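Please read the structure below before turning to the comments.
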């Protein structure tokens, strides 16, 4: 009888220790996820700074070759127009993935039927627990599955780029085109930063709650 | 049977900007500029003549618009309205502080 009681109590002690180990493991996982996201955040910001510096330099070179009066804020189009580059925001309603996710849609024109949607998922996000959603343009079904389809899409993208450049004139410096590409790259980095920041803030909250729970 | 997580997607959300001229012009070249029928733009160019009130009003407007998902703000501009920026705590629109040409990014302020 005493032996049975001893066995029962040792089993209970083992279970409690197992739960504590499991809790500790989850806490450490959250800390590691937070540190990973923080590292990614800092690295992406550094990359963004370099890309922006390049874009500003190219813009300055374009201004020098085209003239300061041809590249300035006063020329910006204040007539009603939609953004050609936008974001898709996906919300998950479960307990684990309760943060939004941003996806960049570059040069997706709503005017024509063959809008190209260059979707850039955050590569770092692919390492997270989130499901990998493949977003398709609402016009994708209209693009025929022929050899010419990618060329049509590229043409549309070029048209959108040219339209964006046209606010500074018909003939523009190659440096202005280069600046446009640099700022497109900067946009992609910024969307990654936005997603990583959300992960960082979410894991930071979890770590803080666990620490408060431990102290209390 | 396990329940599926509901996934809601909103399309064509905008990127707003409060930054210096070169930064705004650069991102407008990348196609993010939007002007609605009331001639309201999704950006504010900050220069030496821009007042703190104008920046505050733009920040408040962009953070309350439902069609804006991300707001870019130059860090030196964010420093001018730091109290307002730090008191903002919603996930969307996400506020991203970015470096500017004349003011490199300082992580201690972010």
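Summary table
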quantity	calculated
Rounded to 10°, Cα long-axis angle of helix B:52-64 versus longest principal axis of chain B	10
Protection proxy ranking, peptides A:65-76, A:31-42, average beta carbon neighbours within 10 Å, highest first	A:31-42, A:65-76
Top of B:89, B:34, B:42 by mean-square fluctuation, Gaussian network on chain B, Cα under 10 Å	B:89
B:43, B:76 arranged by Cβ crowding within 10 Å, fewest neighbours leading	B:76, B:43
Gyration tensor verdict on the range A:1-105 (Cα atoms; rounded if a/c is under 1.5, prolate if a/b is larger than b/c, oblate otherwise)	prolate
10 Å binning of all Cα-Cα separations within chain B, expressed as whole percents from 0 upward	13, 45, 29, 8, 4, 1, 0
Exposure proxy order (Cβ contacts within 10 Å, fewest to most) of A:2, B:97, A:15	A:2, A:15, B:97
Hull volume in cubic angstrom per residue (convex hull over the Cα atoms of the range A:165-216)	72
Pairwise label distance in nanometres, residue B:66 with residue B:86, each label 7 Å out on the Cα-Cβ vector	3.3
Highest-fluctuation residue, B:70, B:46, B:35 considered, GNM on chain B with Cα pairs under 10 Å	B:35
Label point distance in nm, residue B:36-residue A:19, each placed 7 Å from Cα along Cα→Cβ	5.3
Average beta carbon contacts from partner chains per residue of A:55-61, 10 Å cutoff	4
Fewest-first sequence of A:13, A:89 by Cβ atoms within 10 Å of each Cβ	A:13, A:89
Per-residue average of Cβ from other chains inside 10 Å of B:85-98	4
Whole-Å distance, taken between Cα centres, linking the range A:15-64 and the range A:75-89	29
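None of the figures in this text is laboratory data; all of them are computed from the coordinates on show. What you see is a predicted model; the values in this text were computed from it and never measured. FYI the Cβ positions are ideal-geometry reconstructions off the backbone, even for glycines, and counts take in every protein chain you see.
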